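> Provided herewith is a single structure, encoded as structure tokens, for subsequent inquiry.
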Amino acid sequence: MGCCMEKQSDLSLIRETLDHYKNIPGSLIAILQKAQDIYGYLPVDVIYHIAEETGVAPAKVMGVATFYTQFRLQPVGKYLIMLCQGTACHVNGSELIESAIKDELGIADGETTEDGLFTLKNVACLGCCSLSPVMMINGETYGSLTPDKTKNILRELAKEGGAKE
């Protein structure tokens, strides 16, 4: 099997979800959402298991998982930073905020810090244009950002995240 073998996921964790949606047509997205809630992302073995259990072709399950931006195929950090790159945020300096994140954490879009604490994901729009530039971290919105304010937020989260481990 070689070098790139992923660890096996505990497939029993998704049993209840699969049983719940067993006879509900069109429930693939809901199943994938629950699976991502359980595992933190969608591991390949879980995608194949969902395909097998639902009778949906693995290619179709993967197609749905890769089409919708809500789904992740890689694990993310404890803190998922979604940085808005919409028009208002772009005009108000989102590129400076992205640079501040890169400076502070050493990661670019789609990357996770080595300690597994932070993942950066650029997004098209968070719908908080009046707060631009804006980022959302684990569902909490941070607006009217400056590079210094951004770095301070990240430092505080790093302290909290490190203390809880």
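> Can you report the number of residues in the range 91-103 which are under 18 Å from the mean Cα position of the chain (by Cα) and β-branched (Val, Ile, Thr)?
1
> Any idea which residue in the range 85-103 is surrounded by the fewest Cβ atoms within 10 Å (Cβ to Cβ), counting only those that are within 14 Å of residue 143 (Cβ to Cβ) and hydrophobic (A, V, I, L, M, F, W, C)?
88
The rows are residues; the columns are (1) under 20 Å from the mean Cα position of the chain (by Cα); (2) closer than 23 Å to residue 37 by Cβ; (3) modelled with pLDDT of 95 or more.
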position	(1), (2), (3)
85	yes, no, yes
105	yes, no, yes
128	yes, no, no
136	yes, yes, yes
150	yes, no, yes
161	yes, yes, no
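> May I pose another question? What do you reckon, is residue 99 part of a loop (DSSP other than H, G, I, E, B) and of a type in the set (S, T, N, Q)?
No: the conditions fail for residue 99.
> Being within 15 Å of residue 82 (Cα to Cα) and either assigned to a helix (DSSP H, G or I) or not hydroxyl-bearing (Ser, Thr, Tyr) (or both) is the filter here, so list the residues in the range 139-148 that pass it.
If the condition is that a residue be within 15 Å of residue 82 (Cα to Cα) and either assigned to a helix (DSSP H, G or I) or not hydroxyl-bearing (Ser, Thr, Tyr) (or both), then 139, 140, 143, 145 are the ones that fit.
> While we're on this one: Over 16 Å from the mean Cα position of the chain (by Cα) and crowded, with 19+ Cβ neighbours inside 10 Å - does that describe any residue in the range 38-47?
Yes, the conditions are met somewhere in the range 38-47.
> When the residues of the range 104-138 are filtered to those that are among the β-branched types (Val, Ile, Thr) and assigned to a loop (DSSP other than H, G, I, E, B), which remaining residue is surrounded by the most Cβ atoms within 10 Å (Cβ to Cβ)?
134
> Same structure, new question: Of the conditions (1) assigned to a helix (DSSP H, G or I); (2) loosely packed, with under 14 Cβ neighbours inside 10 Å, residue 151 clears all except one; give me its number.
Going through (1) assigned to a helix (DSSP H, G or I); (2) loosely packed, with under 14 Cβ neighbours inside 10 Å one by one, residue 151 breaks only (2).
> Let me ask something additional. If I filter the range 58-78 for residues that are surrounded by 12 or more Cβ atoms within 10 Å (Cβ to Cβ), modelled with pLDDT of 95 or more, more than 19 Å from the chain's Cα centre (by Cα) and not aliphatic (A, V, I, L, M), do I get at least one hit?
Within the range 58-78, one or more residues are surrounded by 12 or more Cβ atoms within 10 Å (Cβ to Cβ), modelled with pLDDT of 95 or more, more than 19 Å from the chain's Cα centre (by Cα) and not aliphatic (A, V, I, L, M).
The values are calculated or read from the model by the stated rules, or taken from the named source; none is laboratory data. Keep in mind the model is a prediction, meaning the values are calculated, not measured. As a convention, Cβ positions derive from the backbone with ideal geometry for all residues, glycine included, and neighbour counts pool all protein chains shown.
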